[in-house]
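The values are calculated or read from the model by the stated rules, or taken from the named source; none is laboratory data. Keep in mind that this is a model prediction, so the values were computed, not measured. Virtual Cβ from ideal backbone geometry, glycine too; neighbours counted across all protein chains shown.
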Amino acid sequence: MQTVLVAGGAGFIGSHLCRELLKENFRVICLDNLITGEKENIKDFLTNNNFSFKEVDITKDFFLEEKIHYIFDLASPASPNAKSSRSYIAFPIETLLVNSIGTYNLLRIAKENKAKFLYVSSSEIYGDPEVNPQPETYHGYVNPNGIRSVYDEGKRFGESMTMAFFRKYNLDIRIIRIFNTFGPIMRADDGRVVSNFINQALKNEPLTIYGTGKQTRSFCYIDDMVLGLKKAMFSENSNGEVFNLGNPDERTVQEMAKLIKELTNSESKIEFESLPEDDPKIRKPDIGKAKRLLNWEPKVSIEMGIEKTIQYFKKL
Ligand code: UDP
C-alpha cells in the first residue's frame, strides 16, 4: 500500500482530497494544526484504518514513523477577508512561516523518502494581473509588503523553495496554482465571496459587494479541483512543471451576486462596501497546459456547483 501525506488535510480542499485518496485505497496521513482547518471535516475518516490524523504544526519539529510515497502540501490559511478571524490576514506570520519553513520541512521529508511532492500555490502569485487570462509564464504584479503580501509572497517563496529542491536534488515535484474554488465544506465564516453571498442570501440579509462589483473571478467547483490535483500528482509528465488549475468561466462579483440571489430565491438587497486593499481587478486562468499535459479541464458548471453548495449550506 502506498502512503500519502496530506499537509493541511483538515481544510476545505485538503479534506476532500483525503476522502478521494482513501477511496482509491491509499494510506493517508493528514497533518493539520487546525488554525483554519477543522476536525469536523475529517471526522468520517477517523475510524478508517487507512487514515491517521496528526495535529502538528509543520513549521515545528514533528516525527513520522512510516515510509511516505507522496506529499501534498496544502497547509496554509487561504482566505483574504480581513473581517474573518480565519483569514491569512488574521494569521500573517503563520502564513509566511507555513509556506516557507513548513514547506521546507515537507520537502526535506520528501527528499529523505524519495517521495513525489506537490506544492499547492495560488493564483495570488499573479497579484493584480496586467494580462488576462493568466498563463503560467506570467510572472505577476504583486505588492511585496501590502496586506495580501503575507500570502502572495509566502506562496512565491514556497514555489521558489520547491524548485530549489527540484534543481539541487532532482526531487520529483510539481507546483499547482489554484484559482478560486468553492463547494461543500467551505467554512461559512471564511469570508469568501461565494460562502458569504450564499449565507447572506439564505438569511435574506444584504449581499455585501466590495467595491463596484465589476472585479472578476473565475470559480471552480471542488470536485473538479480535487481531480486536477490527483492528475497533477499521479501523471507521468508533471515532474518539474507548474500548472494553473481553475475554471476559466470568468464572472464579475455582481454577476455572482445576481446568480446566487436567483438560485436561492432570496429577497436580499445588495449593499456596497469598500474594496479591500490590493483586491485584484481581474482573474482568469489559462488552463491550456493542464488540458494538454494532464488531460484535465473542469466539468461542473458554476450554476451546478453553486446549486450543490446552496444545498450544503441549507443543511448546516
Ligand atoms: N467579495 C465581495 N463580497 C464579499 C466577499 C468578497 O464583494 O462578501 C469580493 C472580494 O473583494 C473579491 C472577490 O469578491 O473581489 C473574491 O473574493 P474572495 O475573498 O472570495 O477571494 P479572492 O479571489 O479575493 O482571493
Original post:
When you scan region 73-105, how many residues do you find that are within 16 Å of residue 14 (Cβ to Cβ), aliphatic (A, V, I, L, M) and either within 16 Å of the ligand (Cβ to nearest atom) or free of Cβ contacts under 8 Å to residues at least 60 places away in the same chain (or both)?
Top reply: 3
Subject >> From 290, 257, residue being surrounded by 16 or more Cβ atoms within 10 Å (Cβ to Cβ) and within 25 Å of residue 15 (Cα to Cα) >> reply: 290
Original post:
Given the structure, is residue 60 closer than 28 Å to residue 279 by Cβ, assigned to a loop (DSSP other than H, G, I, E, B) and out of contact with any helix residue (DSSP H, G or I) (no Cβ under 6 Å at 6 or more places or on another chain)?
Top reply: no
Original post:
Across region 142-151, what is the number of residues that are crowded, with 16+ Cβ neighbours inside 10 Å and in a loop (DSSP other than H, G, I, E, B)?
Top reply: 3
Subject >> Scope region 288-304; condition out of contact with any Asp or Glu (no Cβ under 8 Å at 6 or more places or on another chain), of a type in the set (Gly, Ala, Ser) and within 24 Å of residue 196 (Cα to Cα); matching residues >> reply: none
**OP:** Determine the pairs where a residue that is under 13 Å from residue 252 (Cβ atoms), located within region 271-285, has a partner that is of a type in the set (D, E, K, R) and near the ligand (Cβ under 7 Å from one of its atoms) with Cβ atoms under 6 Å apart, the partner being 6 or more residues away or on another chain.
**Re:** 283/217
Original post:
So residue 154 fits all but one of (1) touching a strand residue (DSSP E or B) at 6+ places or on another chain (Cβ under 6 Å); (2) crowded, with 22+ Cβ neighbours inside 10 Å; what number is the exception?
Top reply: (1)
**OP:** Within region 29-44, count every residue that is buried (at least 20 other Cβ atoms within 10 Å of the Cβ) and either of a type in the set (Ser, Thr, Tyr) or under 16 Å from residue 185 (Cβ atoms) (or both).
**Re:** 6
Original post:
Residue check, residue 138 against (1) crowded, with 18+ Cβ neighbours inside 10 Å; (2) over 17 Å from the mean Cα position of the chain (by Cα); (3) in a loop (DSSP other than H, G, I, E, B), all met but one. Which one?
Top reply: (1)
Original post:
Do you know which residues across region 184-213 are of a type outside the set (Val, Ile, Thr), assigned to a helix (DSSP H, G or I) and more than 10 Å from the ligand (Cβ to nearest atom)?
Top reply: 201, 202
**OP:** Quick one: count up the residues across region 106-120 that are touching a residue at least 60 places away in the same chain (Cβ under 8 Å) and either buried (at least 20 other Cβ atoms within 10 Å of the Cβ) or assigned to a loop (DSSP other than H, G, I, E, B) (or both).
**Re:** 7
Subject >> Selection from region 271-316 of residues that are more than 18 Å from residue 244 (Cβ to Cβ), assigned to a loop (DSSP other than H, G, I, E, B), modelled with pLDDT of 95 or more and hydrophobic (A, V, I, L, M, F, W, C) >> reply: 275
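If we only count strands (runs of 3 or more DSSP E) wholly inside region 1-57, which ones have 3 or more residues that are under 18 Å from residue 120 (Cβ atoms)?
Working: elements: 3-7, 27-32, 51-55.
In region 1-57, the matching strands (runs of 3 or more DSSP E) lie at 3-7, 27-32.
Could you tell me whether any residue of region 167-174 is surrounded by 15 or more Cβ atoms within 10 Å (Cβ to Cβ) and polar (S, T, N, Q)?
No, region 167-174 contains no residue that is surrounded by 15 or more Cβ atoms within 10 Å (Cβ to Cβ) and polar (S, T, N, Q).
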